[in-house]
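Participant: Quick one: the structure is below, and I'll ask about it shortly.
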Amino acid sequence: MSLELLMTFYLFPLAIHRAAGPELLEACYKVPEVRPGIRCPTGEARITPGFKLPASHVIHTVGPIYNGDSNPAASLKSAYKNSLGVAKENNIKYIAFPAISCGVFGYPFEEAATVAISTVKEFADDLKEVHFVLFSDDIYNVWLNKAKELLQA
């Protein structure tokens, strides 16, 4: 398994849905609710086809709101771990992650990078490649430094 850091523009959910076509939204609504209005609770993961995207599948996860979660590190780790588990269950060998929860959810970049990279390192044995798709120089630089630190071992 190789772990790579890529710098590219992050596709926000609306852009992903627009690029995938209306079938993606329809597939999302077919995911059963676990409670009213909730199909994918924080830290869990679900999968749909990618439809018109250049990816075969979309793995959906919800990261924690940093200041609204009693244990944001555990919830963020679960989001990555459960996404990797869904990938394994579906024989997916290549996966790309954004910096989950680092936008409007307010997760500090360095803490998020530590959780993300260490979780992927711990749970990604069945994958060929894991990419982090990062949308700003600030996040990219934090992830790059954290990867150098954590992947030396």
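Where a number appears in this text, it was derived from the coordinates with a stated rule and is not lab data. These numbers come from a predicted model, not from an experiment. Positions of Cβ are generated from backbone atoms using ideal geometry, with glycine treated the same way; all protein chains shown enter the neighbour counts.
Participant: By the scheme Lys and Arg +1, Asp and Glu -1, what is the net charge of all other residues having a beta-carbon under 13 Å from that of VAL34?
Facilitator: Overall, the nearby charge balance is +1.
Participant: With a 10 Å Cβ neighbour count serving as the proxy for reagent exposure, in which order, fewest first, do TYR29, TYR140, TYR107 appear?
Facilitator: Ordered by Cβ neighbours within 10 Å, fewest first: TYR29, TYR140, TYR107.
Participant: Can you find, among PRO108, GLY85, ALA27, the residue sitting farthest towards the positive end of the charge dipole of the chain, where Lys and Arg contribute +1 and Asp and Glu -1 at Cβ?
Facilitator: ALA27
Participant: What distance in nm separates the simple spin-label points at VAL104 and ARG18, each placed 7 Å from Cα in the Cβ direction?
Facilitator: About 1.5 nm, to one decimal.
Participant: Among all the lysines, which ones have a C-alpha under 24 Å from LYS30's C-alpha, if same-chain residues fewer than 8 places away are not counted?
Facilitator: LYS30 reaches LYS52, LYS81, LYS88.
Participant: Ok, one more. Averaging the inverse of every distinct alpha carbon separation and then flipping it gives the Kirkwood radius. What is it for segment 2-150, in angstrom units?
Facilitator: Averaging 1/r across every pair of different Cα atoms and inverting gives 15.7 Å.
Participant: Estimate the FRET efficiency between GLN152 and CYS28 by the formula 1/(1 + (r/R0)^6), using the beta-carbon distance for r and 30 Å for R0, to the nearest 0.05.
Facilitator: Given R0 = 30 Å and the Cβ-Cβ separation, E is 0.15.
Participant: Over all pairs of distinct alpha carbons, what does the Kirkwood formula give as the hydrodynamic radius of segment 78-153, in Å?
Facilitator: The answer is 12.7 Å.
Participant: Moving on. Relative contact order for the chain: what percent, with Cα pairs under 8 Å and sequence separation of 6 or more? Don't jump to the answer; show the numbers that get you there.
Facilitator: Numbers: 243 pairs, mean separation 45.7, N = 153.
Worked out over the chain, it gives 30 percent.
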